[in-house]
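Visitor: I'd like to ask you about the structure that follows.
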Amino acid sequence: MKKLCLLLFLSLSVLQLRAQQAANDSLLLDYYQNQRFADAADYLKKTYPEPVTDVKVLAKLAYTSKMASRLPDAENYYQRIYETDTTSLTNLYNMSEIVKRRGNNKKALTYAKKILLKDTTNFDVYKQLADLSQNLGDIEGSIVYLQKANKINPLNPDVAYDLSSFYINLKLYGNAENIIDKALVADTANLLLLKGKAQASYALKRYPVTITITKKLMDAGEQAGSIVSMLATSYYMTANYPDCIKTFKILEDGNTGTEASYYYTAMSYKALHNNTKAITYLDKAIEEAISTGVSSYYSEKGDSYDRLHQLKSAVEAYQKSLLYKPDPITYYALATLYDTELKNKAIAIKYYKKYLASKPKDSQKTYIAYSKERIKSLGI
């Protein structure tokens, strides 16, 4: 009887000790709900002093450390769980995520690939692998993993956008649009997907579609330069010159105008027969120019001056155009200007000859014939 009482006493003591060591789940829940993960981690550490061997306790310590952004602690706990159980896919994923957050993409990739050995249909892992591969500069690998993730879940907007962006960079615009369209079925108002759709449509020169989508984006508060530029350029391409000017004005007012925005604004004014404004914006395009387009800008500027009958300015603009690129049509423009407006036969002949010597395209047969005829007629 005494032995039985002693055994019962010892059993109760052990149970009581274990009860004292168990964490208070209500308190932990309160910490979690109030985002007090650091407090939760400290509480668990006090409740379960080292050495901790219970996998469930290690999992709690790992989770709270991760959520509290105590990444070295979290990695340590997850590693100890892994040493106990190498088959846990959840633990492998958590290890990959933590190591990635600590900047070791290569090590994170290794853990993520281990999951694929056991589960080849895990969407989150393929998404993680795509991101890690991109971080490591393996663009091909990233695309492959995104393709697999997209095949598993074609409605996920993040993967659809990332994959379509790769396709757009590779000029596979049809592929990009197909990916985006499938994802948009599930979420027609997703701004990320609409951006992808706008990029693909613009690249495919589907300007009316681009206008519709970019207007939606701007109505939703999107004011990125790329969105504004796509909308304004699409207006230009559909001959809606007033709206092109109005839209590009947004960039100008924000001091973010570009060579292209000023050029299309200038050409819109020119199409509206406002050559004075066209010259103003061609000047702005020239100032911003970082490409060989400068030559054509000066040539267009010269033509605008010509239409305004400001002949001296027209000649100067044409000559500046030739400094950047000796374009045959610019020689022809100068020749006819000196011929018909300035009445300078010698210089007119000089530029007609330069035009013919610059080997103009066959499509300019009329100009070629006219130049030869004028050289004979003006012969001094």
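The values are calculated or read from the model by the stated rules, or taken from the named source; none is laboratory data. Given the structure is predicted, the values throughout are model-derived calculations rather than measurements. Cβ placement follows ideal geometry from the backbone for every residue including glycine, while neighbour counts extend to all protein chains displayed. When the accessible area is computed, the model is the full protein with side chains, heavy atoms only, and any ligands, DNA or RNA have been set aside. Shrake-Rupley method; radii C 1.70, N 1.55, O 1.52, S 1.80 Å.
Visitor: Checking Thr256 against (1) farther than 30 Å from Ile143 by Cα; (2) among the hydroxyl-bearing types (Ser, Thr, Tyr); (3) modelled with pLDDT of 95 or more, which single condition isn't satisfied?
Guide: (3)
Visitor: List the residue pairs whose Cβ atoms are under 6 Å apart, where the first residue sits in the stretch 43-65 and is farther than 15 Å from Ile98 by Cβ, the second is open to solvent by 60 Å² or more (accessible area, probe 1.4 Å) and part of a helix (DSSP H, G or I), and the two are 6 or more positions apart or on different chains.
Guide: Leu44/Lys60; Val55/Thr84
Visitor: Which of the helices (runs of 4 or more DSSP H) contained wholly in the stretch 94-178 include at least 2 residues that are surrounded by 16 or more Cβ atoms within 10 Å (Cβ to Cβ) and over 23 Å from the mean Cα position of the chain (by Cα)?
Guide: Of the helices (runs of 4 or more DSSP H) lying wholly inside the stretch 94-178, those with at least 2 residues that are surrounded by 16 or more Cβ atoms within 10 Å (Cβ to Cβ) and over 23 Å from the mean Cα position of the chain (by Cα) span 105-116.
Visitor: If we keep just the residues of the stretch 264-274 that are in contact with a helix residue (DSSP H, G or I) (Cβ under 8 Å, 6 or more places away or on another chain) and among the polar types (S, T, N, Q), which is surrounded by the fewest Cβ atoms within 10 Å (Cβ to Cβ)?
Guide: Ser268
Visitor: Now for a separate question. Which residues, taken from the stretch 301-326, are open to solvent by 50 Å² or more (accessible area, probe 1.4 Å) and at pLDDT 90 or above?
Guide: Selection gives Arg307, Leu308, His309, Gln310, Lys312, Glu316, Gln319, Lys320.
Visitor: Same structure again: Residues of the stretch 335-366 being among the small types (Gly, Ala, Ser), in a helix (DSSP H, G or I) and either touching a residue at least 12 places away in the same chain (Cβ under 8 Å) or touching a helix residue (DSSP H, G or I) at 6+ places or on another chain (Cβ under 6 Å) (or both), which ones?
Guide: Within the stretch 335-366, Ala335, Ala346, Ala348 meet the criteria.
Visitor: Separate question: Criterion first (farther than 25 Å from Lys246 by Cβ and not β-branched (Val, Ile, Thr)) does Tyr269 satisfy it?
Guide: So Tyr269 does not fit the description; no.
Visitor: Same structure again: Report, ordered by the first and then the second residue, all pairs with beta carbons closer than 7 Å, sequence separation of six or more or different chains, a first member in the stretch 367-380 that is within 12 Å of Ala335 (Cα to Cα), and a second member that is of a type in the set (Phe, Trp, Tyr) and in a helix (DSSP H, G or I).
Guide: Hits for this filter: Tyr367/Tyr332; Ser371/Tyr332; Ser371/Tyr352; Ser371/Tyr355; Arg374/Tyr352; Ile375/Tyr352.
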